[in-house]
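The values are calculated or read from the model by the stated rules, or taken from the named source; none is laboratory data. Just so you know, these numbers come straight off a predicted model, no measurement behind them. When we count neighbours, we look across all protein chains shown, and the Cβ atoms used for this are built from the backbone with ideal geometry, even at glycine. In case anyone asks, the SASA skips ligands and DNA or RNA and just uses the protein heavy atoms, side chains included. Shrake-Rupley method; radii C 1.70, N 1.55, O 1.52, S 1.80 Å.
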Amino acid sequence: MNLEVTGAKVLFNIPIFGGIPITETVVNTWIVMALIVGLCLFLTHGMQVHARTKRQVVAEYLVGMVRNMVKNNMGERFMHYVPFVGALFSLAMLSSLISMVGMFSPTGDLSTCVGWALLVFVVITYYKIRTQHIGGYLKGFTQPVFIMTPLNMISEVATPISMAFRLFGNIASGSVVTLLLYGGLAALSSGILGLIPGVVGDILSQVPIFQLGIPAILSIYFDLFTSVLQAFIFCMLTMMYIKLACEE
């Protein structure tokens, strides 16, 4: 078993083509996808024309929420993007939330965020070329004057980079802050309880009492609120960029 760390722990290698590393990111991403598929099958099982079960009510509410988000931000002509936006939002949100059960968050790995951002960038570029044709798309780099071409090219490349680092940075920073908090509270417990004289102080100084409660409260923000918020922002940027690409 290979335990090298390259953003996420390498669990093992597939011995073909020189060895394909299987990391925690890959495994946990598949776990999240399996959870999403299982949840969809559970909520949509036995659906009827009129909702008579709580499962169907929840399923219709979730679908309606995504439909309204796409309709309000992109318009009726982009309603076929409802499944894409819904899948992207649920995958990004759950990939971040699994850190609450002690699993490595795939969004804490830059390669995951870059992959999603590149996928969105391909869709954006497709619509730009479809709207302006290849000539108009290339000509756009020279606007408003030819000397702006390098800056326009950098701006184009910056789109997926900014999307990836925004998601990765917020999720990874939350994990770092949580780890620092745990370490600081453990040191504080050891320092204060170690002041108790005798064997009692030696024993209690090894117990991180101050780690109880405080990290749990802060994880509501760093894990729960931030995970949902960053997934929402990523989807909002996706919808905005796609819509703008069609209007140019």
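Assorted remarks:
- Of the residues Ser155, Ser173, Ser190, the single one that is modelled with pLDDT under 75 and among the polar types (S, T, N, Q) is Ser190.
- Some residue of segment 140-158 being open to solvent by 80 Å² or more (accessible area, probe 1.4 Å) and in contact (Cβ under 8 Å) with a residue 40 or more places away in the chain: no
- Some residue of segment 80-98 being surrounded by fewer than 20 Cβ atoms within 10 Å (Cβ to Cβ), of a type in the set (Phe, Trp, Tyr) and under 18 Å from the mean Cα position of the chain (by Cα): yes
- Contacts under 8 angstrom Cβ, first residue in segment 230-248 being without any contact (Cβ under 8 Å) to a residue 60 or more places away in the chain and closer than 12 Å to Val120 by Cα, partner open to solvent by 70 Å² or more (accessible area, probe 1.4 Å) and assigned to a helix (DSSP H, G or I), 6 or more apart: none
- Top-ranked residue in segment 193-209 [being open to solvent by 80 Å² or more (accessible area, probe 1.4 Å) and of a type outside the set (Asp, Glu); ranked as modelled with the highest pLDDT]: Pro197
- Across segment 67-78, the number of residues qualifying as more than 14 Å from Phe234 (Cα to Cα), of a type outside the set (D, E, K, R) and at pLDDT 90 or above comes to 2.
- Selection over segment 43-66 of residues that are in a helix (DSSP H, G or I) and either out of contact with any helix residue (DSSP H, G or I) (no Cβ under 7 Å at 6 or more places or on another chain) or at pLDDT below 90 (or both) gives a count of 14.
- Residue check for Thr159: in contact with a Phe, Trp or Tyr (Cβ under 8 Å, 6 or more places away or on another chain) and closer than 25 Å to Thr107 by Cβ: yes
- Cβ-Cβ under 9 Å pairs, at least 6 apart or on other chains, segment 81-103 side in contact (Cβ under 8 Å) with a residue 40 or more places away in the chain and polar (S, T, N, Q), far side surrounded by 19 or more Cβ atoms within 10 Å (Cβ to Cβ) and not in a helix (DSSP H, G or I): Ser95/Ser105; Ser96/Ser105; Ser99/Ser105
- Members of segment 70-79 found to be surrounded by 18 or more Cβ atoms within 10 Å (Cβ to Cβ) and without any contact (Cβ under 8 Å) to a residue 40 or more places away in the chain, listed by number: none
- One residue stands out in segment 120-139 among those that are under 32 Å from the mean Cα position of the chain (by Cα) and of a type in the set (D, E, K, R): the one that is least open to solvent (accessible area, probe 1.4 Å), namely Lys128.
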